[in-house]
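The values are calculated or read from the model by the stated rules, or taken from the named source; none is laboratory data. Here the structure is a predicted model, which is why all the values come from computation and not from measurement. Cβ placement follows ideal geometry from the backbone for every residue including glycine, while neighbour counts extend to all protein chains displayed. We work out accessible area using only protein heavy atoms, side chains counted, and drop any ligands, DNA or RNA first. Shrake-Rupley method; radii C 1.70, N 1.55, O 1.52, S 1.80 Å.
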Amino acid sequence: MKHVLNYAAYPTQGINASRANFAQYVKGHINYLIAANQPAYGTITDETTALYEDMFGAVSAHEQFFNKRVSLTQNVQAIKKEFNTKIDELEEVFVFKFHKNSPVYNEVFPHGVTPYKNAALSETVIKMELAEQLAAKYKTTIGESYLTALQHVRERFEAETSAQGVAKGEVKNIIPDYKAKRLAADKQLLKNICTIIIHNIDNPAVVESFFDEHLIFPKNKKKEESDEPYSLIVAPNTHIAANINFSVGDTLLLTNTGTVSLFYYGASAADAAIPASLSELLPDEEAEVTAAELGAPANKYLIFRPPIPILENQALSPMCS
């Protein structure tokens, strides 16, 4: 019965996704449950929403925060309108090439074009990226022009929102008892999957349409790359370089699993002098740091040090993505 245990595994266990991406993953799942408008999903929708709010705050908080930071300017309106047009064109070619309600069509448009076209401002880039991935997957059949057009629209949208100082998928960095809450959320997701399958026993594959898996599951990596996080113990009254390599285009996901702050900085050598200004990582805080922010390519080392005076050892789990 070893193989059957694979069916009983928690769906995101062992997946090292950032908190922002995991928040978007769960929030999108809640939206799909609501959109399905099935009374049988009422209880799991309420349960998942409660867990989400306990971890990340109110479901609407991220949209409100995003909308405060980025105004719906004429440029943004025009780009969103163009994206909607491209989605209509993408649907038309999938209907023509694969026929409506075919397995491929249902993979790309399980809920029609509505989730793409009516996406909240804070989720628009996510839907753009998803449309790109699916257009890329079937570009041999539908042609590459659709992928190119979608990429162009997304790049313009990101440039516009970036110009207004908005970061995608912002969530609060400090979440007390995050690991326990993440496990509770994973248990709930398994319950949700079981509930959806039970009510779609003749078409269990429909469960895939309730999740945007590309948000949290690792992209294809080279064989020598690992998805395992790198953990580092910082001893009292010391500073230590993490045994990781990074280049200009990398982003490092740092998590302080200790109970007091850690400080970090980039350096050109492992024994370089400690700079006067350090970045602080609070207890139970997560931060995404680009290699460029650490001074790459000149700086090749990521170095950590505890506060002075030291209270206790700290554990840090940085992960390069």
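Once Lys and Arg get +1 and Asp and Glu get -1 on their Cβ, which of Ala135, His99, Thr114 lies farthest toward the positive end of the dipole of segment 77-135?
Towards the positive end, the residue furthest out is Thr114.
Go ahead and run the numbers for FRET between Thr257 and Ala8, Cβ-Cβ distance against an R0 of 30 Å, rounding to 0.05.
Efficiency for this residue pair is about 0.60.
Starting at the first residue of segment 241-257, write each ³J(HN,Hα) from the Karplus equation 6.51 cos²θ - 1.76 cosθ + 1.60 with θ = phi - 60°, in whole Hz, x for Gly and Pro.
8, 6, 8, 9, 10, 9, 10, 3, x, 7, 10, 9, 9, 10, 9, 8, 9
In the full protein assembly as shown, how much of His99 is accessible to a 1.4 Å probe, in Å² to the nearest 10?
120 Å²
Would you give the gap between the C-alpha center of segment 116-152 and the C-alpha center of segment 183-198, rounded to a whole Å?
28 Å
Just the accessible area for Tyr264, please: 1.4 Å probe, Å², rounded to the nearest 10?
Its accessible surface works out to 20 Å², give or take rounding.
Find out how many positive minus negative residues lie around Phe96, taking Lys and Arg as positive, Asp and Glu as negative, among other residues whose Cβ is under 14 Å from that of Phe96.
-2
Using the Karplus equation 6.51 cos²θ - 1.76 cosθ + 1.60 (θ = phi - 60°), what ³J(HN,Hα) coupling, rounded to whole Hz, does each residue of segment 175-181 give in order, writing x for Gly and Pro?
With the stated coefficients, segment 175-181 comes to 10, x, 6, 4, 4, 5, 5 Hz.
Stretched out fully, how many nm does the piece from Asn75 to Asn237 gain, at 0.36 nm a residue minus the Cα gap?
Taking 0.36 nm per residue and subtracting the Cα distance, the gain is 53.1 nm.
Which cross-chain or sequence-distant (5 or more) residues have an amide H under 5 Å from the amide H of Ser279, H modelled 1.01 Å from N in plane?
Close amide H contacts, sequence-distant or interchain: Tyr264.
In Å², what does the accessible area per residue of segment 90-162 work out to with a 1.4 Å probe?
Numbers: 3510 Å² over 73 residues.
The answer is 48 Å² per residue.
Can you compute the modelled spin-label distance between Leu282 and Asp250, with each label point 7 Å from Cα toward Cβ, in nm?
So the label points at Leu282 and Asp250 sit 2.8 nm apart.
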